Amino acid sequence: MIRKFEQKDLEEVMKIWLDTNIQAHNFIPDSYWRDNFEAVQSMIPEADVYIYESNGKVIGFVGIKAGYLAGIFVSQDMQSSGIGKQLLDKAKELYPDLSLSVYKKNKKAIDFYIREMFVVEKVQVDEDTGEEEYYMIWKGKYIKKDPL
């Protein structure tokens with residue numbers, strides 16, 4: 001089930017955040033994520049965060065701030081099981097337009113967002129890591145054109 005973040009979720013949310021970032025971004029030193037842990041932890045309550053919970057355990061979450069999708073994080077053992085899509089669908093329910101940044105080397109995430117109708121708006125460099133990333137957008141009312 002998906003529900004709004006509560007302060008009691010913070011420890012589990014941050015564990016998922018750290019573990020999945022390290023796992024998904026093997027091209028960035030682990031120390032980068034560890035060094036940013038406290039800053040992110042302090043920002044969590046400022047964002048719209050929704051939790052995916054199963055049997056009382058936090059499995060994943062999505063964080064959104066003013067239409068910017070800060071990230072979708074799903075525990076490693078539950079990835080590719082539809083939880084990320086459910087969390088993204090929740091974000092799409094709440095916001096008519098979404099934007100995000102995703103590292104160019106994170107092919108799995110890029111493929112996911114493209115399947116979900118996000119388009120690359122521009123290529124930019126993350127000043128903190130020096131890595132190229134795509135700035136992607138989703139407009140709630142994309143109209144699929146007939147192939148004819």
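Across the stretch 10-28, what is the number of residues that are touching a helix residue (DSSP H, G or I) at 6+ places or on another chain (Cβ under 9 Å) and farther than 15 Å from residue 71 by Cβ? It would help to see each step written out before you state the result.
In the first step, residues of the stretch 10-28 are kept if they are touching a helix residue (DSSP H, G or I) at 6+ places or on another chain (Cβ under 9 Å); the result is 10, 13-14, 16-25, 28.
From what is left, the residues that are farther than 15 Å from residue 71 by Cβ are 10.
Of the residues in that region, 1 qualify.
Within the stretch 3-18, which residues are closer than 22 Å to residue 33 by Cα, more than 13 Å from the chain's Cα centre (by Cα) and in contact (Cβ under 8 Å) with a residue 40 or more places away in the chain?
Selection gives 5, 9, 12.
Do any residues in the stretch 126-138 that are closer than 20 Å to residue 31 by Cβ have Cβ atoms under 6 Å from those of residues that are in a strand (DSSP E or B) and of a type in the set (Asp, Glu), where the two are at least six apart or on different chains, and which pairs are they?
Hits for this filter: 126/133.
Can you tell me which residue in the stretch 118-139 is nearest to residue 73 (Cα to Cα), limited to those that are assigned to a loop (DSSP other than H, G, I, E, B) and touching a strand residue (DSSP E or B) at 6+ places or on another chain (Cβ under 6 Å)?
Applying the filter and picking the extreme gives 118.
Give the stretch 81-100 a look and list any residue that's surrounded by 17 or more Cβ atoms within 10 Å (Cβ to Cβ) and either within 24 Å of residue 22 (Cβ to Cβ) or in contact with a Pro (Cβ under 8 Å, 6 or more places away or on another chain) (or both), or say none.
Correct list: 83, 84, 86, 87, 88, 91, 100.
When you scan the stretch 46-60, do you find a residue that is out of contact with any Asp or Glu (no Cβ under 6 Å at 6 or more places or on another chain), part of a helix (DSSP H, G or I) and more than 15 Å from residue 136 (Cα to Cα), even just one?
Taking the stretch 46-60 first, the residues out of contact with any Asp or Glu (no Cβ under 6 Å at 6 or more places or on another chain) are 46-50, 52-57, 59-60.
Then drop every residue that is not part of a helix (DSSP H, G or I), which leaves 46.
Narrowing further to those that are more than 15 Å from residue 136 (Cα to Cα): 46.
Yes, the stretch 46-60 contains a residue that is out of contact with any Asp or Glu (no Cβ under 6 Å at 6 or more places or on another chain), part of a helix (DSSP H, G or I) and more than 15 Å from residue 136 (Cα to Cα).
Please enumerate the residues belonging to the stretch 101-116 that are of a type in the set (A, V, I, L, M) and surrounded by 14 or more Cβ atoms within 10 Å (Cβ to Cβ). Full working, then the answer.
Here is the first cut: in the stretch 101-116, the ones of a type in the set (A, V, I, L, M) are 102, 109-110, 114.
Matches in the stretch 101-116: 102, 109, 110.
Could we say that residue 66 is more than 17 Å from residue 23 (Cα to Cα) and surrounded by fewer than 12 Cβ atoms within 10 Å (Cβ to Cβ) here?
So residue 66 fits the description; yes.
Which of the residues spanning the stretch 101-134 are more than 21 Å from residue 17 (Cβ to Cβ) and small (Gly, Ala, Ser)?
130
Can you pull out every residue in the stretch 43-66 that is at negative phi and more than 17 Å from the chain's Cα centre (by Cα)?
54, 57
Just to be sure before I move on: is residue 92 under 16 Å from residue 137 (Cβ atoms), part of a helix (DSSP H, G or I) and of a type in the set (D, E, K, R) in the structure I sent?
Criteria met by residue 92.
All of the numbers you see were taken from the coordinates with simple rules; none came from a lab. Just so we're clear, the structure is a prediction, and the values are computed from it rather than from any experiment. Ideal geometry is used to build each Cβ from the backbone, glycine not excepted, and the neighbour counts take in all protein chains shown.
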